[in-house]
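Notes to accompany the following structure.
The values are calculated or read from the model by the stated rules, or taken from the named source; none is laboratory data. Just so it is clear, the structure is predicted and the values come from calculations on it, not from any experiment. Using ideal geometry, Cβ is built from the backbone for each residue, glycine included, and neighbour counts are taken over all protein chains shown.
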């Protein structure tokens, strides 16, 4: 069975999905992003020596704010009530990286995956922005959905 793209109409044109008839259910999503830093930048972040301020705290708030603005950033994305959004940033000294995770929750007619993904993406961009004065070779990578629950399409859990 071939899956049909939901954001394309019968003529192949972009179309916002009508969720009016969909059931309101609890939906969650978790996402991940990684920012790879040089030794110098990693140590500056770890020791809170970045001139713009506390990188991890500011990136956390940027991710939360971004999740709330997802429908303004992603065309055709529904504006949904977010009942919970959490963004966590952790330094990984083995990889000289910042690992970013988000958890989002709603009780809605459509999923919350885009909000979770937007949160980690903007948090990662914020880390880059705050560190670029020291080293522009910082790499943002591995942005992915870890899980989603609820809705007609069912649950998804990424294997390790």
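Brief remarks on what is shown
- Test: residue in segment 107-118 that is surrounded by 13 or more Cβ atoms within 10 Å (Cβ to Cβ), at pLDDT 95 or above and under 30 Å from residue 40 (Cβ atoms): yes
- Scope segment 40-69; condition over 21 Å from residue 102 (Cα atoms), free of Cβ contacts under 8 Å to residues at least 40 places away in the same chain and touching a helix residue (DSSP H, G or I) at 6+ places or on another chain (Cβ under 9 Å); matching residues: 48, 49
- Verdict on residue 56 being in contact with a strand residue (DSSP E or B) (Cβ under 7 Å, 6 or more places away or on another chain), under 20 Å from residue 129 (Cβ atoms) and in a helix (DSSP H, G or I): yes
- Among the residues of segment 70-103, those identified as touching a helix residue (DSSP H, G or I) at 6+ places or on another chain (Cβ under 8 Å), in a loop (DSSP other than H, G, I, E, B) and surrounded by fewer than 16 Cβ atoms within 10 Å (Cβ to Cβ) are 74, 79, 93.
- Selection count, segment 125-160, where residues are assigned to a loop (DSSP other than H, G, I, E, B) and farther than 16 Å from residue 104 by Cβ: 12
- Of the residues 121, 137, the single one that is out of contact with any helix residue (DSSP H, G or I) (no Cβ under 6 Å at 6 or more places or on another chain), buried (at least 16 other Cβ atoms within 10 Å of the Cβ) and under 13 Å from residue 35 (Cβ atoms) is 121.
One line per residue, one yes/no per condition, for (1) surrounded by 12 or more Cβ atoms within 10 Å (Cβ to Cβ); (2) over 24 Å from the mean Cα position of the chain (by Cα); (3) at pLDDT 90 or above:
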| site | (1), (2), (3) |
| --- | --- |
| 1 | no, yes, no |
| 7 | yes, no, no |
| 21 | no, yes, no |
| 30 | yes, no, yes |
